[in-house]
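Visitor: First the structure, then my questions, so here it is.
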Amino acid sequence: MSTPTKSFPFSPSPSCFSYALSPPIRILFPSSSLFSPLPLQKLNVAANSAEKSNKLPLHFLGSQDSSLVQLNCSALAISESFTNSFVDSGVMIFSLFREIGFNDTDTEALLDAHPVIKLSPFESIRTRIHSLQTLGVSGLSLSRLIVKRPDVLTALEIDGVVCFLLEGDLELAGKIKPSQIEHLFNSTEPKFLAGFEAKVRLLLQLGITQETIVPVLNNANLTKAFCLKSFEDIERMLTFLNRFGGVDLILRRPALLNYDLDAQLIPRVGFLLELSGGDETGTATVLHKLPFVVAYSVDHLKDHVEFLKSFAGLSEEEIFRIVLVYPNMFSASRKRKLHPRIDFLKQCGLSSHDIFRFLIKAPLFLSLSFEGNLAYKLVFLVKIGYKKNTKELAMAMGAVTRTSCKNMQEVIGVFLNYGLTCDDILEMSMKHPQVLQYNHESLEEKMDYLVEEMGREVGELLAFPAFLGYKLDGRIKHRYEEKKKILGEGMSLNKLLSVSAARFSTKSKRKQRVPAINGLDESDD
């Protein structure tokens with residue numbers, strides 16, 4: 001319960017201070033101060049009465065009255081010293097607040113609303129402000145923080161956090177974003193800051209290093225992650241997360257620390273674990289690929305799974321295998337993306353098993369924009385000869401999900417420039433749909449090498465379009481140069497490139513042996 005106060009107006013004279021205060025300071029004294037038993041007003045009344053009644057001077061009064069006078073004089077001296085001390089502190093407070101952007105009116109309003117700032121030692125206020133500025137909270141950010149949380153200047157609990165960030169052995173000074181520190185003090189009542197350092201150090205016990213603790217603190221909500229959870233709650237959370245990746249999981253998404261263990265993490269991760277058939281390793285893989293998946297409610301996850309079961313005819317095992325490949329499936333809108341995409345595949349004649357195989361190979365199909373991506377690619381495919389509502393069109397759409405519309409257009413342009421027709425491109429892509437997703441510049445280099453260095457016809461690609469998928473320097477050139485020494489120019493592109501590296505090496509060594517039979521090379525090709 002706050003102590004009642006009495007207000008005494010004070011107007012300093014020019015001889016006391018180098019400048020007059022505007023507005024004037026109001027010095028507040030607690031009603032239970034040292035001199036309250038013998039109020040100053042009573043002393044003045046007694047002196048005035050003695051003077052008016054022509055009584056003896058005060059020093060001639062009896063021993064009891066003399067003691068009373070001496071005590072009241074001492075109280076007066078204490079009062080004067082106490083007053084001067086508060087006046088000096090008040091002057092400096094106004095000056096200090098001007099330095100950080102407050103005008104005198106704002107400062108007076110702040111001090112009136114929060115008198116504890118007046119009663120706090122000036123040095124402690126100045127030191128606290130300096131510490132916040134050292135942590136990067138300065139200028140408008142500091143002013144905004146003080147206005148919203150004036151207790152940031154006086155609360156003892158803040159000292160522990162400030163010292164930990166400025167002087168702790170983790171060397172965090174200057175590494176934590178000022179916005180994080182401002183948000184921490186802005187959104188957290190001081191009582192919840194107790195134990196902040198000990199809670200952060202739990203992460204070190206889990207295995208997070210001194211270097212990696214900084215990005216964690218810069219990307220977590222410090223209030224939710226450390227202040228509003230008990231020490232025991234954080235221990236339980238870290239133990240739970242340790243089953244699914246622990247340190248790596250937290251480093252990939254520090255915001256995981258913000259969640260409530262019992263209300264959010266356990267139910268959501270538990271749903272994925274159940275979908276996987278109890279496969280903790282598989283569930284950990286999903287979380288590693290997309291830690292954000294825990295941001296979705298159980299109802300959201302369940303709706304996606306139920307839709308794929310009912311509309312696409314997939315089993316839970318098949319759905320989890322798709323999720324394992326592409327957890328972002330849960331990010332796709334069920335109504336705007338999942339439903340029309342699955343409907344397209346069904347119209348193209350794909351069975352449930354076909355849809356499963358399609359989504360394993362081309363999961364991006366579920367989340368790409370239709371207007372800005374898929375629609376353009378669909379037009380290109382139809383223009384080169386693909387028929388609507390066919391499995392071939394669906395397979396081609398799956399293949400081109402991995403390339404941009406611009407690159408796909410460039411690829412078709414390269415083929416046309418080398419004399420191939422749309423029918424040729426259609427034939428190649430139906431045999432090897434990936435030809436439409438290759439980088440157009442790399443594709444052009446391989447076709448140049450095929451025609452100019454190897455002396456082959458472009459038409460040979462119709463029989464073996466997979467040629468365009470091999471690395472030019474790492475496989476095509478190396479193998480061609482090796483075989484050219486033995487076989488000359490006429491060699492099968494398929495045999496040249498499709499055999500394994502081990503078999504190719506063995507055959508090359510065998511062919512390079514030179515038996516002494518009429519001085520001729522032996523060749524089994």
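Visitor: Summing Lys, Arg as +1 and Asp, Glu as -1, what charge do residues with Cβ under 14 Å from the Cβ of A463 carry, A463 excluded?
Guide: -1
Visitor: Can you tell me the length gained on complete extension of the stretch E189 to S297, counting 0.36 nm per residue apart and subtracting the Cα distance?
Guide: Extra length available between E189 and S297 comes to 36.0 nm.
Visitor: Can I ask one more? Would you mind pulling out the separation of the Cα centroids of segment 134-156 and segment 246-287, in Å?
Guide: 36
Visitor: Another question about this same structure. Suppose each label sits 7 Å from its Cα in the direction of the beta carbon; what would the T154-H339 distance come out to in nanometres?
Guide: For the pair T154/H339, the computed spacing is 5.9 nm.
Visitor: Right, another one. Would you mind counting up the charge near Q347? Only other residues with Cβ under 15 Å from its Cβ, with Lys and Arg at +1 and Asp and Glu at -1.
Guide: +2
Visitor: A further question follows. Find the accessible area per residue for segment 145-293; the probe is 1.4 Å, ligands and nucleic acids are left out, and the unit is Å².
Guide: The answer is 43 Å² per residue.
Visitor: Just in segment 374-428: which trypsin sites (Lys or Arg not before Pro) are loop by DSSP and have at most 16 other Cβ atoms within 10 Å?
Guide: Filter output for segment 374-428: K387, K388.
Visitor: Still on this structure: Which percent of the accessible area of segment 271-374 is formed by carbon and sulfur heavy atoms (probe 1.4 angstrom)?
Guide: 51
Visitor: Next question. How big is the dipole moment of segment 115-173 about its Cα centre under a simple scheme where the beta carbon of each Lys and Arg is +1, that of each Asp and Glu is -1, and everything else is neutral? Debye, nearest 20, please.
Guide: Dipole of segment 115-173, to the nearest 20 debye: 460 debye.
Visitor: Right, another one. Using the structure shown, select from K391/K431; K471/K495; K302/K391 the pairs with a Cα to Cα distance greater than 18 angstrom.
Guide: Correct reply: K302/K391.
Visitor: Find, among the trypsin sites (Lys or Arg not before Pro) in segment 243-335, those assigned to loop by DSSP (not H, G, I, E, B) with at most 16 other beta-carbon atoms within 10 angstrom. List each step's numbers first, then the result.
Guide: On the way: sites: R243, R252, R268, K289, K302, K309, R321, R334, K335; in loops: R243.
Those satisfying the criteria are R243.
Visitor: Each label point is 7 Å from the Cα along the Cα-to-Cβ direction; what then is the distance between the points at N389 and T105, in nm?
Guide: Between N389 and T105, the simple spin-label model gives 7.5 nm.
Visitor: What is the distance, in nm, between label points placed 7 Å from the Cα along the Cα-to-Cβ direction at E410 and at K477?
Guide: For the pair E410/K477, the computed spacing is 2.0 nm.
Visitor: Kindly provide the trypsin sites (Lys or Arg not before Pro) of segment 116-180 that DSSP labels as loop, not H, G, I, E or B, and whose Cβ sees at most 15 other Cβ atoms within 10 Å.
Guide: K175
Visitor: Follow-up. Tell me which aspartates and glutamates have Cα within less than 20 Å of K175's Cα, excluding those fewer than 8 residues away on the same chain?
Guide: Straight-distance partners of K175: D159, E167, E197, E211.
The values are calculated or read from the model by the stated rules, or taken from the named source; none is laboratory data. Not measured: the values here are computed from a predicted model. All Cβ positions, glycine included, derive from the backbone under ideal geometry; neighbour counts span all protein chains shown. Each accessible area value is taken on the protein alone, full model and side chains, heavy atoms only, with ligands, DNA and RNA left out. Shrake-Rupley method; radii C 1.70, N 1.55, O 1.52, S 1.80 Å.
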